[in-house]
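Here's the structure, in C-alpha cells; my notes come after.
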Amino acid sequence: MKKFNKSIIVLLLCCLVFSACSKNTEKVTTKKEVKENESASFKKFSKGFFGVFDTDIAFSAYCASEKEFNKYFKFLEEDMKRYHNLYNSFENANENNIKTINDNAGKEPVKVDKEIIELLEFSIENYKKLSNKTNIGLGSVTTLWRAEKDLSVNLKGKLPDANKIKEGLKHTNIDNIVIDKEKSTVFLKDKDMRLDVGAIAKGYSVEKVMNKLKEMGLKSAIISAGGNVKAIGSPLEKDKNKWGIGIQAPTFDSKKVEIQEVIFTDETCAVTSGDYQRFYFVDDKAYNHIIDPQTGYPKDKIKSVTILCKDSGLADFISTSLFLMDVEEGKKLLEKVEGTEAFWILADGSVHYTKNMEKLLQSKGATNK
C-alpha cells in the first residue's frame, strides 16, 4: 500500500525537562533531580516487525518493565495489522475492506467497518478543504503504475500506456464515492472507479494506534513506520530535552544512507514523502510512485518534503500534496493548517523550509538541550 515511497526517517531519542517542587518547604527538589529520578524509573525497550503497509515498523518505548513494554508492543502489532487489512486496496481480507469496495464498484454498496468510513470522510474533507492533489479516488491510474513496477526487472520497467492513463483519469471524481453512515456502507457510482488510500492510510493508522496506546497508559514512546513517525510524551533519558528526527539525504542508492538534517522538537508527528524509496527507471529516468491526479504522471522537481504537525494522518495527507506542488504553492497551503511546518529538498539539491521550521534545525543551531 501507500506510499510506495516515503523516506527513511532516522530517530534520535531525546527528552523534555520535567520540573516539580517538593511539598516540603525546607527542601526544594531541583529540575535536574526530578529528571534523574524520572529517568531512573524507566528503561528503554525496542522491537519491530514487518508485513504491514509494505514497510518496517520500529517501536521504542520507556516502560517500568519489559512485561509492560510487551503489552504495548503486542497491541501495536495487532492493531496495525488490522488497519493494514481494512485499508488494503489490492488484497481481500477476512472482512470487507477497500478492495471489496473496489470490486463492487457500480454494482452495490458494501457494508464496512466504521473505521473505513472515518478514513474516507477524513480524506474527502481534506481533499475539499485543503488540497485536491491528494485524491483517494485515483486508483484507476495508480494501479497502472503499480502493474509496471511489479513487472520491472532490476528497477527497470516501462511506462503505462498513455491512452490507459488518459482513460483512467476520467474515473477519479471523488463525488462518486457515496457514504451511508447510518447503514455503514460505501458505494462507488462509477463502475471503473477505484479507491487507493495509500497516500493517507499509514499515517492515519499510526495516529490512531498511538493515541490508543496513550489512553492505555503509555507515557513515552516513538514509532517509525517507513516515512511516518509519531512521538508521544518525551523520551526519558538524562540531560536531553527534545526528540530528534533525522532526515535522509535523497539518493537512489540504498547503500548510501546519510542524514542531511536533524530536527529537534517536542512531541510531534513527522511524515516524509520522497521520490527515492519506490521507483523504477525507464531509459535512465527515474519515475516515482507519487502520481499527480491532474496529469496521471509523477513529478520530478522535489526529492523529498518532510511535514511536522500534531496529527500523523494529516501530515501524511499534506506531505503527498506538497510533493506535487512547487515550494511557494506548498507554503500557501500550510498557512491553512495551524502548527504545521515543512522542509523541502529539491531536485537541484537546494533546501527550503518554513520560518518556524528553521528554529528546529540542527544546521541552524537547534540542539536537544
Residues being among the aliphatic types (A, V, I, L, M) and assigned to a helix (DSSP H, G or I) - total across the stretch 160-183: 4
Close pairs from the stretch 161-185: first on the phi > 0 side of the Ramachandran plot and in contact (Cβ under 8 Å) with a residue 60 or more places away in the chain, partner outside any helix (DSSP H, G or I) and open to solvent by 100 Å² or more (accessible area, probe 1.4 Å), Cβ under 6 Å, at least 6 apart: Ser184/Lys111
Test for Gly330: is it on the phi > 0 side of the Ramachandran plot and among the small types (Gly, Ala, Ser): no
Check on Leu218, open to solvent by less than 30 Å² (accessible area, probe 1.4 Å), within 21 Å of Ser46 (Cβ to Cβ), modelled with pLDDT of 95 or more and in a loop (DSSP other than H, G, I, E, B): yes
Filter pass, Glu108 being in a loop (DSSP other than H, G, I, E, B), at pLDDT 95 or above and farther than 30 Å from Asp292 by Cβ: yes
Any hit, the stretch 198-207, residues being modelled with pLDDT under 95 and of a type in the set (A, V, I, L, M): yes
Residue within the stretch 63-80 that is open to solvent by less than 50 Å² (accessible area, probe 1.4 Å), closer than 21 Å to Met216 by Cβ, touching an Asp or Glu at 6+ places or on another chain (Cβ under 9 Å) and of a type outside the set (Ser, Thr, Tyr) present: no
Selected residue (criterion: surrounded by the fewest Cβ atoms within 10 Å (Cβ to Cβ)) from residues of the stretch 114-159 that are assigned to a loop (DSSP other than H, G, I, E, B), modelled with pLDDT of 95 or more and not basic (Lys, Arg): Asn132
Residue under evaluation Val337, criteria (1) touching a residue at least 60 places away in the same chain (Cβ under 8 Å); (2) open to solvent by 50 Å² or more (accessible area, probe 1.4 Å), criterion not met: (2)
Val197 in contact with a helix residue (DSSP H, G or I) (Cβ under 9 Å, 6 or more places away or on another chain), crowded, with 17+ Cβ neighbours inside 10 Å and within 22 Å of Val52 (Cβ to Cβ): yes
Glu38 vs. criteria open to solvent by less than 70 Å² (accessible area, probe 1.4 Å) and either modelled with pLDDT of 95 or more or within 30 Å of Ala249 (Cβ to Cβ) (or both): no
Residue in the stretch 125-142 that is free of Cβ contacts under 8 Å to residues at least 24 places away in the same chain and touching a strand residue (DSSP E or B) at 6+ places or on another chain (Cβ under 9 Å) present: no
Test result for Glu77, among the charged types (D, E, K, R) and within 30 Å of Lys181 (Cα to Cα): yes
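Listed here are the residues, each with its yes/no results for (1) among the aromatic types (Phe, Trp, Tyr); (2) touching a Cys at 6+ places or on another chain (Cβ under 8 Å); (3) modelled with pLDDT of 95 or more.
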residue	(1), (2), (3)
Pro293	no, no, yes
Pro298	no, no, no
Val305	no, no, yes
Ala315	no, yes, yes
Leu333	no, no, yes
Gly349	no, no, no
Residue among Ile302, Ile307, Ile263 that alone is in contact (Cβ under 8 Å) with a residue 12 or more places away in the chain, farther than 18 Å from Asn228 by Cα and open to solvent by less than 60 Å² (accessible area, probe 1.4 Å): Ile302
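The values are calculated or read from the model by the stated rules, or taken from the named source; none is laboratory data. A quick note: this is a predicted structure, and the numbers were derived from the prediction, not measured. Backbone-built Cβ (ideal geometry, glycine too); neighbour counts: all protein chains shown. The protein model used for the area step is the full one, side chains on, heavy atoms only, and it has no ligands, DNA or RNA in it. Shrake-Rupley method; radii C 1.70, N 1.55, O 1.52, S 1.80 Å.
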